[in-house]
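One structure is given below, encoded as structure tokens.
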Amino acid sequence: MRHHPRAGDLVLLAAVLLPLVVALPRLGWPATDAGAWLAWVGRAAGILGLAMLLLAATTSIRVPGWDRAFGGLARLWRLHHALGFGAFVLLMAHALALALAAVPLGLSVAVDVLFPPLSRGAIWLGWLAWLAMLLFLTPTFGFFGRPRYQTWKRLHLVSAAALLLALAHALPLAGEAWPWWLLGLAGLAAIAWRKLGSHRARLAYRIEAVEPLARGVVELVLAPQGRRLVHEPGQFVYLAPLDATLSAGRGEEHPYTLASAPADGRLRIGIKDLGDASHALQTATPGSMAQVEGPYGDFFGRHPTGRDRLWLGGGIGITPFVGGARDLLARGVVEGQVLLIYLANRPERAYYLDELEAIAERLAGFSVVAHYYLERGALDLAFLTAHCPDVAEREIHLCGPPAMNAHLRRLLAGQGVPRSRIHSEVLEFL
Ligand SMILES: Cc1cc2nc3c(=O)[nH]c(=O)nc-3n(C[C@H](O)[C@H](O)[C@H](O)COP(=O)(O)OP(=O)(O)OC[C@H]3O[C@@H](n4cnc5c(N)ncnc54)[C@H](O)[C@@H]3O)c2cc1C
């Protein structure tokens with residue numbers, strides 16, 4: 001996770017502000033009396049909220065490569081999440097502020113602002129849009145517990161209705177239509193691409209082998225059946241297996257990190273049994289077909305900083321580092337030093353360790369050390385500094401379960417490693 005703004009962030013910020021800037025000459029500056037001030041705030045909140053809603057839809061897009069302008073798909077979707085939540089709050093504030101602004105004219109006037117006669121259809125369309133938002137945002141923000149991923153995904157279709165209703169509310173009321181057409185079309189195009197077009201970006205692969213790594217973990221080896229995917233180490237793909245014998249997840253897309261080197265003609269994906277679909281993949285049929293969409297993500301970044309690196313991988317979060325180590329081996333050189341600390345519960349769960357140690361033996365500059373939780377407890381400062389005394393000087397990448405990432409971040413912050421030098425990924429989006 002990098003903390004400086006990305007090029008995409010600036011474009012997004014400009015797009016959020018565009019309708020408000022265009023509307024400012026009409027809105028004027030807020031007057032000093034409370035009613036007029038509240039009315040101004042209400043209108044501004046409505047304009048900003050709608051812009052954020054439309055951009056939340058736009059940022060749901062998934063086009064290989066585009067996410068890197070935002071620091072990877074996981075970060076882009078955090079922005080998407082924040083925009084959706086911000087839109088919801090601002091649109092609520094919009095209605096409330098406009099009603100409060102009317103209170104000095106009488107309570108019935110204020111109520112009428114919120115709930116006018118049905119003939120003022122545009123206002124009611126606004127309420128319908130807000131209700132549609134409530135319907136799909138409630139599960140997204142986990143108000144009633146964590147939703148099932150596929151249910152949550154289907155519910156997101158309601159967002160398209162919210163978007164259309166919100167536009168139908170705003171267009172007759174707004175003075176300036178073109179910013180809304182612009183952002184509205186961008187949002188609708190993104191949704192249409194997700195639903196109708198994204199399959200065009202998929203490549204055909206055949207599952208060549210399913211190699212067991214440990215109990216509940218296999219490595220799929222996939223061979224291209226035409227154009228092959230071009231990727232960088234640490235990136236991930238959406239994999240949709242088509243194997244007719246799968247007990248679950250057939251045709252369903254799930255994100256998986258590429259554990260293969262970019263130079264490898266095959267794609268290799270380490271898959272841990274974490275639910276229905278990943279369980280079924282443990283016994284996928286060699287020879288069956290799969291679709292691969294990607295690559296996504298920006299874990300290692302495009303521009304090496306020239307610093308020595310420390311990689312910390314735990315559980316199935318070791319996969320980006322396996323891809324990284326295989327890439328170093330394929331290149332035959334390591335710039336500076338790379339130390340990988342492999343965090344596993346116990347030796348039998350360090351599934352890629354033999355291969356990583358073999359790479360370390362062959363490659364000067366790359367080393368690997370295993371840390372076992374059940375033997376030593378959580379990784380501590382003594383272990384860290386014994387193996388990596390210059391930790392504070394290194395560029396650090398970490399990937400593992402959320403609790404592990406949080407623990408390591410605290411440990412590293414305590415060593416004075418600036419946040420900007422810690423790049424972390426958690427293998428879940430929700
Ligand atoms: C960027 C990224 C890279 C990943 N790389 C790997 C990897 O290399 N190896 C590996 O074993 N696992 C990886 N995962 C996790 C993998 O995607 C999930 O384990 C898998 O989708 C679980 O699906 P399921 O039906 O088996 O389990 P479920 O019970 O459906 O889900 C288990 C968990 O996975 C999440 N999940 C389910 N479906 C999706 C989806 N389509 N998109 C995002 N999250 C989902 C759920 O929120 C839940 O937390 C990665 C996840 C992400 C986001």
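The values are calculated or read from the model by the stated rules, or taken from the named source; none is laboratory data. Computed from a prediction, not measured in an experiment: that's the story for all the values here. Positions of Cβ are generated from backbone atoms using ideal geometry, with glycine treated the same way; all protein chains shown enter the neighbour counts. SASA here: full protein model, heavy atoms, side chains in, ligands and nucleic acids out. Shrake-Rupley method; radii C 1.70, N 1.55, O 1.52, S 1.80 Å.
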Report task. At 7 Å along the Cα-to-beta-carbon direction for both Trp124 and Val230, put a label point, then send me their distance in nm to one decimal. Result -> 5.5
Query raised in the report: What share of the DSSP beta bridges in the chain is antiparallel, in percent to the nearest 5?
Result: 55
Query raised in the report: HN-Hα J couplings of the range 62-69 from phi, Karplus 6.51/-1.76/1.60, θ = phi - 60°, integer Hz, Gly and Pro as x?
Result: 10, 10, x, x, 5, 5, 5, 5
Report task. Run the numbers on the range 7-176 and let me know its relative contact order in percent, using alpha-carbon pairs under 8 Å that are six or more apart. Result -> 23
Report summary line: Highest GNM mean-square fluctuation among Leu213, Leu196, Leu343, for the chain with Cα springs under 10 Å, belongs to Leu196
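Over the chain, with every protein chain in place, what whole percent of the accessible area is carbon and sulfur at 1.4 Å, could you tell me?
Heavy-atom surface of the chain belonging to carbon and sulfur, 1.4 Å probe: 63 percent.
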**Report entry** Heavy-atom accessible area per residue - the range 309-425, 1.4 Å, Å²
**Finding:** 42
**Report entry** Per residue accessible area in Å² of the range 68-181, where ligands, DNA and RNA are left out and the probe is 1.4 Å
**Finding:** 52
Query raised in the report: What is the extension gain from Leu173 to Thr32, computed as 0.36 nm multiplied by their sequence separation minus the C-alpha to C-alpha distance, in nm to one decimal?
Result: 48.3 nm
Requested in this report: For Glu208 and Glu335, calculate 0.36 nm times their separation in residues minus their Cα-Cα distance, and state this gained length in nm to one decimal.
Outcome: 42.4 nm
Report task. Order these peptides, 368-376, 313-321, 59-67, by their mean beta-carbon neighbour count within 10 angstrom, highest first. Result -> 313-321, 59-67, 368-376
Requested in this report: Report the charge-dipole magnitude of the range 200-296 in Debye, nearest 20, computed about the Cα centre from +1 at each Lys and Arg Cβ and -1 at each Asp and Glu Cβ.
Outcome: 240
Query - Euclidean distance of C-alpha centroids, the range 328-398 and the range 286-318, integer Å - result: 16
Report summary line: Note, the range 217-225: 3J(HN,Hα) by Karplus (6.51, -1.76, 1.60, θ = phi - 60°), whole Hz, Gly/Pro = x, goes 9, 10, 10, 8, 10, 10, 10, x, 10
Requested in this report: At 0.36 nm per residue, minus the direct Cα-Cα distance, what do Arg148 and Ala189 gain on full extension? Give it in nm, one decimal, please.
Outcome: 12.1 nm
Requested in this report: Decide, for the chain, between rounded, prolate and oblate: order the square roots of the alpha carbon gyration tensor eigenvalues as a ≥ b ≥ c, take rounded if a/c falls under 1.5, and otherwise choose prolate if a/b is larger than b/c, else oblate.
Outcome: prolate
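What FRET efficiency would be calculated for the residue pair Leu381, Trp181, taking the C-beta separation as r and a Förster radius of 56 Å, to the nearest 0.05?
Computed FRET efficiency for Leu381 and Trp181 comes out at 0.50.
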